[in-house]
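The values are calculated or read from the model by the stated rules, or taken from the named source; none is laboratory data. Note that the structure is predicted; figures quoted are calculated from it, not measured. We place every Cβ from the backbone using ideal geometry, glycine too, and count neighbours over all the protein chains shown. Note: areas computed on protein heavy atoms with side chains; ligands, DNA, RNA excluded. Shrake-Rupley method; radii C 1.70, N 1.55, O 1.52, S 1.80 Å.
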Amino acid sequence: MHVFLCPQMFSNNDEAVINKKLPKELLLRIFSFLDVVTLCRCAQVSRSWNLLALDGSNWQRIDLFDFQRDIEGRVVENISKRCGGFLRKLSLRGCLGVGDSALRCCENPTYLFVNSTTEKTDHTNNCLSKFCPKLKHLDLASCTSITNLSLKALSEGCPLLEQLNISWCDQVTKDGIQALVRCCPGLKGLFLKGCTQLDDEALQHIGAHCPELVTLNLQTCSVCLCLITICRGCHRLQSLCVSGCANITDAILNALGQNCPRLRILEVARCSQLTDVGFTSLARVSKQSHKHTITDGTLIQLSIHCPRLQVLSLSHCELITDDGIRQLGSGPCAHDRLEVIELDNCPLITDASLEHLKTCHSLDRIELYDCQQITRAGIKRLRTHLPNIKVHAYFAPVTPPPSVGGSRQRFCRCCILL
């Protein structure tokens, strides 16, 4: 890392063949794929490589976790100065020797990770709020010294904040959360794991001011019925963790099912008051909210606006018809791009859809499970145009006709074989 302090260590006769054959723009592009250690080694090869390796464009994403205790504040200061306006992502995880003075020089990053840094204080967050107005992602996990003052400072100076992790910052209360969410309406990820002083009033502020929230972690927080406020105000929620929140009841699951149709991940470990009734309600309401959302109109838009579409899954889209597949098959993606289409459990699909797909020359696989109007003859006709296609379908065995005349067999055919 001391390479930053001694750039004048080469002679003027250090031009190698590679530097003469390749333009500097191409060399700079190659250097952009190297990590911090390799860049520092390249910077010691020659004068020209020193300039290329230490160019600010190569230092947009810096993770100093591998160095940890070896990193001092002045190194971070040198990196920040050399990067100029290029620095976008800086990770100082475990770098215990980096204090407030070093972070004052980080003026342009949009991603900053400083978790587990014991010297991180409210004063540092004041510096960040003044010098990092473009900050979008901030990780302060386990920085136990920060208080509500940090959140108030960040809310005033970093209005573009989208993701904040203050897990295990147990001095933060509802007042800090209120200040944060009022000034940062674009928050999409909020991690409050282990913030034991947060109460239901804090959740009310989140539900009222965070309509864009996608991820919320409240593990081991003392929250209860005010989670319903979040369900009603955060309709884009996809991931929710309330593990260890012992007061969670079935009413929360019902509210999630009714108000959060995009929910994908729900963690409720050690929530002992939840019952089968709550999960049944969540599953029933969620299924109803998703059941009839995809129609032929969606396929029309995909055929027009997605010319590079390669894989399309329409599994269980019960309103898709042959007309939608016709629109898709006539789109720009169908002829040369579309490789996989999944139509299983689409009951309105018939052999006509297979006719519309026969011009998809790149089509490699099609799923037709439980498409009851698809016939073997339709699949055979499709194979004549696409001989290498993999067709996954299932046809129930034909029930044999009852025997005419003769005495009834005493054993079934299986028993006879055995």
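For the reader, a short list of remarks on this structure follows.
- Screening R264 against (1) in contact with a helix residue (DSSP H, G or I) (Cβ under 8 Å, 6 or more places away or on another chain); (2) of a type outside the set (A, V, I, L, M, F, W, C); (3) surrounded by fewer than 18 Cβ atoms within 10 Å (Cβ to Cβ) leaves a single unmet condition, (1).
- Hey, C226 closer than 22 Å to L151 by Cα, at pLDDT below 90 and either among the basic types (K, R) or surrounded by fewer than 19 Cβ atoms within 10 Å (Cβ to Cβ) (or both) or not: yes
- The residue of the stretch 84-119 that is most open to solvent (accessible area, probe 1.4 Å), among those that are over 22 Å from L151 (Cα atoms) and at pLDDT 75 or above, is F86.
- Of residues in the stretch 365-388 being more than 37 Å from the chain's Cα centre (by Cα) and in a loop (DSSP other than H, G, I, E, B), the one surrounded by the most Cβ atoms within 10 Å (Cβ to Cβ): T375
- Of all residues in the stretch 181-214, none satisfies the criterion of being in a loop (DSSP other than H, G, I, E, B), of a type in the set (G, A, S) and at pLDDT 95 or above.
- Residue in the stretch 348-364 that is least open to solvent (accessible area, probe 1.4 Å), counting only those that are assigned to a helix (DSSP H, G or I) and not polar (S, T, N, Q): L354
- Just one of the numbered conditions (1) open to solvent by 40 Å² or more (accessible area, probe 1.4 Å); (2) over 30 Å from S91 (Cβ atoms); (3) modelled with pLDDT under 85 is not true of D14: (1).
- Residue that is modelled with the lowest pLDDT, among those in the stretch 296-322 that are part of a loop (DSSP other than H, G, I, E, B) and over 14 Å from L343 (Cβ atoms): C306
- Note on the stretch 229-253: residues that are in a loop (DSSP other than H, G, I, E, B), at pLDDT 90 or above and polar (S, T, N, Q) total 1.
- L154 vs. criteria out of contact with any Pro (no Cβ under 9 Å at 6 or more places or on another chain), part of a strand (DSSP E or B) and buried (at least 23 other Cβ atoms within 10 Å of the Cβ): no
- Against the numbered list (1) within 23 Å of the chain's Cα centre (by Cα); (2) assigned to a loop (DSSP other than H, G, I, E, B); (3) at pLDDT below 95, L138 comes up short only at (2).
Yes/no matrix, rows are residues, columns are (1) open to solvent by less than 10 Å² (accessible area, probe 1.4 Å); (2) over 26 Å from I265 (Cβ atoms); (3) among the aliphatic types (A, V, I, L, M):
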| site | (1), (2), (3) |
| --- | --- |
| T121 | no, yes, no |
| I146 | yes, yes, yes |
| C158 | yes, yes, no |
| W168 | no, no, no |
| K174 | no, no, no |
| A202 | yes, no, yes |
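- The stretch 40-66, residues that are among the aliphatic types (A, V, I, L, M), under 20 Å from P23 (Cα atoms) and buried (at least 20 other Cβ atoms within 10 Å of the Cβ): A43, L52, A53, L54
- Of the residues making up the stretch 163-177, not a single one is assigned to a loop (DSSP other than H, G, I, E, B) and either basic (K, R) or in contact (Cβ under 8 Å) with a residue 60 or more places away in the chain (or both).
- Residue pairs whose Cβ atoms lie under 8 Å apart, separated by 6 or more positions or on different chains, with the first residue in the stretch 48-75 and more than 17 Å from L28 (Cα to Cα) and the second at pLDDT 80 or above and in a loop (DSSP other than H, G, I, E, B), do not occur.
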